[in-house]
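Please read the structure below before turning to the comments.
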Amino acid sequence: METVWLTGAEWLAVLRIGLGLWWLESWRHKDKKGWFERGTGIAWAADVAGRHRWPFVTKGFRAVVEPRPRAMAHLVVYAELALGLGLVVGFLTPIALVGGLLLNLLYLVLMIHDWAEQGQNAMMALISLVALFAMSWQTWSLDSAIGLF
């Protein structure tokens, strides 16, 4: 494959790192006090799920998230941090890519009516797929340096 400036593998690493930075920004801009102390993030998601056009989303949210809002708030916030760090440094990269893809698909389904959110989550999911199947951890990663994957 011919490319400009970097090799194909290096461009894939740039894509992976950029996706990681996107996850870190998602984590950074969250009001953690609101999420953890006041439950604002889960309350917002409950409102969205409660009005969702697909009944299985509402049922799933009520079964999985509503009984444990505090744990789910921590799971979401720290998952975004872990995904971002893992992708930026390239540690456990395939796991981070699959986890990010699943989280983006979950966000995509929850926010099916919000086109602004749809674009971000669709792009992040697409980048995750490309980075996963192109094995983007082969360059500029801790995985490559220590011989994982």
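Go through the stretch 1-13 and give me each residue that's in a helix (DSSP H, G or I) and open to solvent by 60 Å² or more (accessible area, probe 1.4 Å). Steps first, please.
Looking only at the stretch 1-13, we keep the residues that are in a helix (DSSP H, G or I), and these are 8-13.
The answer is W11, and nothing else.
Scan the stretch 49-61 residue by residue and report those that are outside any loop (DSSP other than H, G, I, E, B) and buried (at least 18 other Cβ atoms within 10 Å of the Cβ).
Taking the stretch 49-61 first, the residues outside any loop (DSSP other than H, G, I, E, B) are 49-50, 55-61.
The answer is A49, V57, F61.
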Problem set entry | Selection from the stretch 62-106 of residues that are among the hydrophobic types (A, V, I, L, M, F, W, C), part of a loop (DSSP other than H, G, I, E, B) and open to solvent by 60 Å² or more (accessible area, probe 1.4 Å) | F91, L92
Exercise. For A43, are the conditions met, namely being of a type in the set (G, A, S), open to solvent by less than 70 Å² (accessible area, probe 1.4 Å) and touching a residue at least 60 places away in the same chain (Cβ under 8 Å)?
Worked result: no
Exercise. Does E117 fit the bill of being under 26 Å from F36 (Cα atoms), assigned to a helix (DSSP H, G or I), open to solvent by 60 Å² or more (accessible area, probe 1.4 Å) and free of Cβ contacts under 8 Å to residues at least 60 places away in the same chain?
Worked result: yes
Seminar exercise, completed: A careful count of residues in the stretch 96-141 that are at pLDDT below 95 and among the polar types (S, T, N, Q) gives 3
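The values are calculated or read from the model by the stated rules, or taken from the named source; none is laboratory data. Values in this document were obtained by computation on a predicted structure and should not be read as measured data. Cβ coordinates were reconstructed from backbone atoms using ideal geometry, including for glycine residues, and neighbour counts include every protein chain displayed. Just so you know, the surface numbers come from the protein's heavy atoms only, side chains and all, with ligands and any DNA or RNA stripped out. Shrake-Rupley method; radii C 1.70, N 1.55, O 1.52, S 1.80 Å.
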